[in-house]
2 protein chains.
Amino acid sequence: MAGMGARLGDASAPARPPVSDEAIGRDELALATRNHGLPLEALRYDLTPPGLHYVLTHYDIPYVPDGASWQLTLDGRVRRPLRLGLADLRAFPQVTTRVTLECAGNGRALLTPRPVSQPWLVEAVGTAEWTGVPLRLLLEAAGVEDDAVEVVLTGADHGVERGVEQDYQRALPLDVALGAEPEVLVAHAMNGAPLPPQHGRPLRLVVPGWYGMAHVKWLRGIRVVDEPFTGFQQAVAYRIRQRPDEEGEPVTRIAPRALLIPPGFPDFMSRTRVVGPGGLTLEGRAWSGRAPVTRVEISTDGERTWRRAGLAPDGGHPWAWRSWRADWTATPGEHVLSARATDAEGHTQPLRQPWNRGGFANNLVHRIRVVCPDPEELG
Amino acid sequence: MAGMGARLGDASAPARPPVSDEAIGRDELALATRNHGLPLEALRYDLTPPGLHYVLTHYDIPYVPDGASWQLTLDGRVRRPLRLGLADLRAFPQVTTRVTLECAGNGRALLTPRPVSQPWLVEAVGTAEWTGVPLRLLLEAAGVEDDAVEVVLTGADHGVERGVEQDYQRALPLDVALGAEPEVLVAHAMNGAPLPPQHGRPLRLVVPGWYGMAHVKWLRGIRVVDEPFTGFQQAVAYRIRQRPDEEGEPVTRIAPRALLIPPGFPDFMSRTRVVGPGGLTLEGRAWSGRAPVTRVEISTDGERTWRRAGLAPDGGHPWAWRSWRADWTATPGEHVLSARATDAEGHTQPLRQPWNRGGFANNLVHRIRVVCPDPEELG
């Protein structure tokens, strides 16, 4: 086909409408094999080891074997534009914050009809300790002009999406960027080590309480602007819409969610869980980016009845998941286990799917199918 | 459904026959979101950072926050059974070997009909430096009896598969287990750090040149046996069969494969690549577990013609991938780029799919679709 001419649209199609069949397409699979979720048994770790933390990359992971020459620019509506290397950033006060990060599209592949994009089930989450400089200190050093309204963050990852060639860019409202609780971080370390490549080496933004799209990775530019940013990832993607022609609401903070650590052991192919009969402790994690989680409930009878799980204190980490546990006696038969979180503002997980065209911020209760075989069946 | 009785078969179905439609099922997706491949741009790293290396876990990743109490047993047809902690293992001579590891099912999702299992495209690969004790030294310390024929390796991961409850177990022929070139390792470190949980913390087997199923993770038992092992992962799974009733050939060493580092930048959804017109260098990696790679060829015209790529020396790492490169001038239009490796034994990658029921050891040439837009289209 060489020499026949080509357009960017030959690589990049418009969004596919949501589909009503369960089957996943080749394009969704190509995303699922690149990106990865947290295997749910890894909910046991307070801090998720890097290779188990969920990862979503829109384009390619930039190749940065050595961050020594990396430059972060801070410009736009500021009095003193800055150009900062990693050593410059380390000269600012350093903060470490434990943060639960979740992809805005978590749960998408469970929706009917299914929005066509990265097909997450429920596992697009992880918790890490991020170390870096509070963004507000950088903005104070640069001197924000009075007419500033937003801060635009630019990553080094470059690609095309629905026909639009772009660097990955997102904006934060100025009050969030300047916030002191939580502090937005320009982070260079994860769990005490330099950022792994897939988590933004050498620099990324961390916005405690917000879905993952705000945590711009491979951060190379910060621009203070005097009118709202209308880039693709702000105005086109990451909007909650029922119809394609709506302006939609922006995706921002993480809705509450509880996940169960799957009990027993799995079947390789179906991932159905097998438990022996008798008493066991169900455990899991729960979080919300809107307000502290105040209640986790579980159901072991297909959601006919619910009861409260014991919720561990936040341990001084208000932006990270909390542990919960509840006892259960498994009896031979099939069971559906469910978990549901509620936060201090009264947000609670819905029992029926909260559908939107992008599959964003949907936090349907977590359900796990468990088979408890008759005792003589187990090895 | 509680109280109605249940069987292990309610969790674990027989293998699904291969399917002829492109669409991926929910069960395949559940595997794809847990496991993950190497994002192909990470072929740039000589040593794959842990979170980018492919991972396939049959059951759950065992939770081993501290390996200090881990015990590895070595028994069976030996004169002095051993029980070894990590400190005991560190008292043996330590060896570090650079090894390219590939899943036996790599490429499965490209087959028609498609075997139903973990739906890999081409990315189930990675290269790391593994440090540990040569298995032959442990076997020598234990004293192998004259009637021994195989060594059975047992992991701590437990599950059910096609109705069979099991710990993950595989066997190696005694001559492979005792081999000195390459040495099989009982490894405790990857790229100089303790094994990440998903790569077998605290101990795994590394069998240079063999597909991943042989590299038993979370290794807790080594048993020397006097007759061939017939466990599930040896006699039922990981066999090359055309019909379900065949005994089949065992899956062993890695067939040759070359992969391209995708040039240019991607479309988010289709992963189609976009390059500007002009000269560029195509690069990639190639490996074989059977014999050294001797030739890599590329095609930039949909496989009408092939030409040789430049192949880097192995750098003293005969069990790891080698770099290759070739120049190419992109012209406006659509192109299919292909890469093909050949090894010193004359094994070469097929141009048509090498089908078997499990989708194992299939090494179809790698093909990447590239769009080169007219210059005025690019940002």
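A single member of A:377, A:345 is open to solvent by 50 Å² or more (accessible area, probe 1.4 Å) and farther than 27 Å from residue A:267 by Cα, and it is A:345.
Might you check whether a residue that is touching a Cys at 6+ places or on another chain (Cβ under 8 Å), more than 22 Å from residue A:184 (Cβ to Cβ) and assigned to a strand (DSSP E or B) occurs anywhere in the range A:334-350? Checked the range A:334-350: at least one residue is touching a Cys at 6+ places or on another chain (Cβ under 8 Å), more than 22 Å from residue A:184 (Cβ to Cβ) and assigned to a strand (DSSP E or B). A single member of B:291, B:286, B:320 is under 17 Å from the mean Cα position of the chain (by Cα) and under 26 Å from residue B:241 (Cα atoms), and it is B:291.
When the residues of the range B:69-80 are filtered to those that are touching a Gly at 6+ places or on another chain (Cβ under 7 Å) and among the charged types (D, E, K, R), the one that is most open to solvent (accessible area, probe 1.4 Å) is B:79.
Number of residues in the range A:318-333 that are out of contact with any Cys (no Cβ under 8 Å at 6 or more places or on another chain) and either among the hydroxyl-bearing types (Ser, Thr, Tyr) or under 18 Å from residue A:125 (Cβ atoms) (or both) equals 8. Residue pairs whose Cβ atoms lie under 7 Å apart, sitting 6 or more positions apart in sequence or on different chains, and linking a residue in the range B:31-47 that is more than 7 Å from chain A (Cβ to nearest Cβ) to a partner that is part of a helix (DSSP H, G or I) and open to solvent by less than 20 Å² (accessible area, probe 1.4 Å), are B:38/B:52. Each residue in the range B:351-378 was checked for being closer than 30 Å to residue B:250 by Cβ, in contact with a helix residue (DSSP H, G or I) (Cβ under 6 Å, 6 or more places away or on another chain) and either assigned to a strand (DSSP E or B) or among the aromatic types (Phe, Trp, Tyr) (or both), and 0 pass. Applying the criterion of being farther than 21 Å from residue B:331 by Cβ, in contact with a helix residue (DSSP H, G or I) (Cβ under 7 Å, 6 or more places away or on another chain) and within 14 Å of chain A (Cβ to nearest Cβ) to the residues of the range B:245-269, the residue that is most open to solvent (accessible area, probe 1.4 Å) is B:269. Is it fair to say residue B:20 is of a type in the set (S, T, N, Q), open to solvent by less than 10 Å² (accessible area, probe 1.4 Å), in contact with a strand residue (DSSP E or B) (Cβ under 9 Å, 6 or more places away or on another chain) and in contact (Cβ under 8 Å) with a residue 60 or more places away in the chain? Against the criterion (of a type in the set (S, T, N, Q), open to solvent by less than 10 Å² (accessible area, probe 1.4 Å), in contact with a strand residue (DSSP E or B) (Cβ under 9 Å, 6 or more places away or on another chain) and in contact (Cβ under 8 Å) with a residue 60 or more places away in the chain), residue B:20 does not qualify.
Checked against the criterion of being open to solvent by less than 30 Å² (accessible area, probe 1.4 Å) and away from every other protein chain (no Cβ under 11 Å), the candidates A:86, A:111, A:56 yield just one match: A:111. Among the conditions (1) open to solvent by less than 10 Å² (accessible area, probe 1.4 Å); (2) aromatic (Phe, Trp, Tyr); (3) under 30 Å from residue A:377 (Cβ atoms), the only one that residue B:211 does not satisfy is (3).
Yes/no matrix, rows are residues, columns are (1) out of contact with any Lys or Arg (no Cβ under 9 Å at 6 or more places or on another chain); (2) among the charged types (D, E, K, R); (3) part of a strand (DSSP E or B); (4) at pLDDT below 95:
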position	(1), (2), (3), (4)
B:88	yes, yes, no, no
B:92	yes, no, no, no
B:105	yes, no, no, no
B:112	yes, no, no, yes
B:117	no, no, no, yes
B:120	no, no, no, no
B:126	yes, no, yes, no
B:132	no, no, yes, no
B:137	yes, no, no, no
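One residue stands out in the range A:43-58 among those that are within 18 Å of residue A:107 (Cβ to Cβ) and not in a strand (DSSP E or B): the one that is farthest from the chain's Cα centre (by Cα), namely A:43. Selection within the range A:230-244: residues that are assigned to a loop (DSSP other than H, G, I, E, B) and surrounded by fewer than 18 Cβ atoms within 10 Å (Cβ to Cβ). The member of this set that is modelled with the lowest pLDDT is A:244. If the requirement is being surrounded by fewer than 17 Cβ atoms within 10 Å (Cβ to Cβ), in the same structural domain as residue A:141 (by TED's automatic domain parsing) and in contact with a strand residue (DSSP E or B) (Cβ under 9 Å, 6 or more places away or on another chain), which of these qualifies: A:46, A:66? Exactly one residue qualifies, and that residue is A:46.
The values are calculated or read from the model by the stated rules, or taken from the named source; none is laboratory data. As the structure is a computational prediction, the values presented were derived from the model and not from experiment. Using ideal geometry, Cβ is built from the backbone for each residue, glycine included, and neighbour counts are taken over all protein chains shown. Heavy atoms of the whole protein, side chains included, go into the accessibility calculation; ligands, DNA and RNA do not. Shrake-Rupley method; radii C 1.70, N 1.55, O 1.52, S 1.80 Å.
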